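A short write-up of the structure that comes next.
The values are calculated or read from the model by the stated rules, or taken from the named source; none is laboratory data. Values in this document were obtained by computation on a predicted structure and should not be read as measured data. Note: ideal-geometry Cβ built from the backbone for every residue, glycine included; neighbour counts use all protein chains shown. Side chains included, ligands, DNA and RNA excluded: accessible areas come from the protein's heavy atoms. Shrake-Rupley method; radii C 1.70, N 1.55, O 1.52, S 1.80 Å.
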Amino acid sequence: MRSVKLLLLALASLLLSACGYNTIQVQDEATKSAWSEVINQYQRRADLIPNLVNTVKGFAAQEQAVLIGVTEARAKATQVKVDANDPESLKQFQAAQGQLSGALSRLMVVVEKYPELKSDQNFRDLQAQLEGTENRITVARNRYIQAVQSYNVTVRSFPVNLTAMVFGYKVKPNFTVENEAAIAKPPTVEFGTPPAPAPATK
């Protein structure tokens with residue numbers, strides 16, 4: 001009786017391997033791991049922001065609107081509860097992170113007005129860490145995009161798609177461009193009218 005059970009288990013294992021079940025498991029775990037790294041890098045950026053804001057405040061306290069904007073955008077970005085398998089949730093997460101990126105860009109524009117802030121060692125260290133984190137976010141997102149692509153191709157390909165259907169594995173949403181129409185449009189290059197020559201002086 002025991003040998004029959006072992007034989008049935010071995011047969012079931014072979015069938016599951018042949019139908020792509022194990023491949024789905026491996027790729028599903030790869031997407032989860034890649035997603036964890038995306039979240040980890042976004043959290044790293046969020047953790048840097050309070051120190052960055054406080055450093056800027058020390059030199060440019062009058063820039064309250066920008067400082068408050070960064071703080072509020074950070075709060076929204078860290079409060080979004082994201083489910084990477086839910087397209088709407090992922091879209092909200094992207095929007096919140098995009099708002100935070102925009103707020104940080106405005107902060108860096110403000111920094112340009114304060115040479116003494118730009119030369120502060122603490123600020124330079126924070127800025128370098130922030131730039132490094134932005135690069136890590138890009139790498140982590142790219143790895144996640146690739147992991148989801150591999151998984152989606154697997155669960156949509158025959159005959160594995162039959163196994164995916166039976167076990168309830170669906171195509172996962174991926175990162176998208178916020179405004180596809182805007183980036184598809186070529187930039188408008190305008191050359192301003194040159195100023196009229198100054199009247200000749202006698």
Original post:
Points 7 angstrom from Cα along the Cβ direction at THR176 and GLU29: gap in nanometres?
Top reply: 3.1
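Heavy atoms only, probe 1.4 angstrom, no DNA, RNA or ligands counted: give me MET108, MET165 ranked by accessible area, highest first. Show your work: numbers first, answer last.
Values: MET108 45, MET165 135 Å².
Result, largest first: MET165, MET108.
Put ARG74, ARG136, ARG2, ARG143 in order of accessible area, largest first, 1.4 Å probe: what do you get?
Values: ARG74 60, ARG136 110, ARG2 185, ARG143 155 Å².
Descending accessible area places them as ARG2, ARG143, ARG136, ARG74.
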